[in-house]
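Just so it is clear, none of the values below were taken in a lab; they were calculated from the coordinates. Computed from a prediction, not measured in an experiment: that's the story for all the values here. A quick note on method: Cβ atoms are made from the backbone with ideal geometry, for glycine too, and the neighbour counts reach across all protein chains shown.
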Amino acid sequence: MRLTSVILGLAAFAGASPSKILEARQSVGDGPFGPAGFQTHASLPRHTIYRPNNAAAAGAMPVFIWGNGACSGDGTSARNFLAQIASYGFLVVSQGVPGGGGSTTIDQMREAVTWAANGAGGAFNVDRTKIMTAGYSCGGTEAYAFIDDARVSSIGIYNSGMLGNYDQAKTIRKPVIIALGGPSDIAYPNGERDYNNIPASTPTWKGNLNRVGHGGTYGEANGGLYAKATYKWLQWQFKGDQSAGAYFVGNAALSDGWNNIASKSINVGGTTPGNPPPTTTNPPTTPPPSTNCAGLYGQCGGSGWSGPTCCSQGTCRASNQWYSQCL
């Protein structure tokens, strides 16, 4: 068995990817089971695995499977965010190896789902019945591929949204968390449209951080508010933690700085959201045609895309058949 383990520390970023608009300082998570480290493992060789140092105390860990921005093959591109989640007692699996290149695929994420559902190669104590897929930008389109996979219990969409066949969102029955960067986020119309299309009976929470745009908070210390909302979602969904779930029904998220919060079918301990009230936005059903070129990290192509197909910065590169991005 080959097991390469790296403890998170201070490191500078190299290369270019959307999630690398980050602080140089790297954090290791401040959760009760942290700090967290990342490693590779022979049973899942195309991925990076984050686990808390005190994994034994965490018991059987639910599994959070992550797709990177630009469908990047660098499994450490969102390390602050992923380490923070792991430090709260979750096994986190990122697409790609540490410092890797190239692009990932839905099939690669499916490998991780199968690996987790089959017991994580016997190397980690996981709860194989509690798996969530999630992703940033292009990685969110990978996560969406599992809306009908019975092995996956929840979906997370971050600065992302469906790029075609929008009615698929109307079929989602498993809980969804959506985090967007407000109107300046290139994926804002997509994510807002998806939220509106998800059935009212599907437990869903959506929040915007208008200050971050498409960049999210992945590189902030301990992953910022995106990580906080995510580990609380996981604690509530997979560990039955009602106090964590209260974050999604009371004023806590609003007080933290989230904007344009909305939810549906969220019930925590008999409490449903009352303040702030759910809001509805009506973004265009398709990205508006434009004669302008997309900016750096903007979408520039893909199946069903009718927006700009040139880049004002960078080069338009295809991550998969649905998504091309200016990099």
Just order 250-262, 82-94, 26-38, 48-60 by mean Cβ neighbour count inside 10 Å, highest at the front, would you? 82-94, 26-38, 48-60, 250-262
Can you tell me the dipole magnitude for segment 3-285 around its Cα centre, using point charges on the Cβ only (Lys, Arg +1; Asp, Glu -1), in Debye to the nearest 20? 280 debye
Looking at the square roots a ≥ b ≥ c of the eigenvalues of the Cα gyration tensor of segment 125-229, which shape do they give, rounded for a/c under 1.5, prolate if a/b is larger than b/c, or oblate? oblate
In whole Hz and in residue order, list the ³J(HN,Hα) couplings for segment 111-121 that follow from phi through the Karplus curve 6.51 cos²θ - 1.76 cosθ + 1.60, θ = phi - 60°; x for Gly and Pro. 4, 5, 4, 4, 4, 5, 5, 9, x, 6, x
Give the residue list of trypsin sites (Lys or Arg not before Pro) in segment 203-247 that are DSSP loop and have at most 14 other beta-carbon atoms within 10 angstrom. R211
Provide the gained length on full extension for the span A60 to N251, in nm with one decimal, where the gain is 0.36 nm per separating residue minus the Cα-Cα distance. 65.6 nm
Assuming a ≥ b ≥ c are the square roots of the Cα gyration tensor eigenvalues, decide whether segment 3-285 counts as rounded (a/c under 1.5), prolate (otherwise, with a/b larger than b/c) or oblate. rounded
Binning at 5 Å from 0, report for segment 146-194 what percent of all alpha-carbon pair distances ends up in each bin. 5, 22, 28, 25, 14, 5, 1
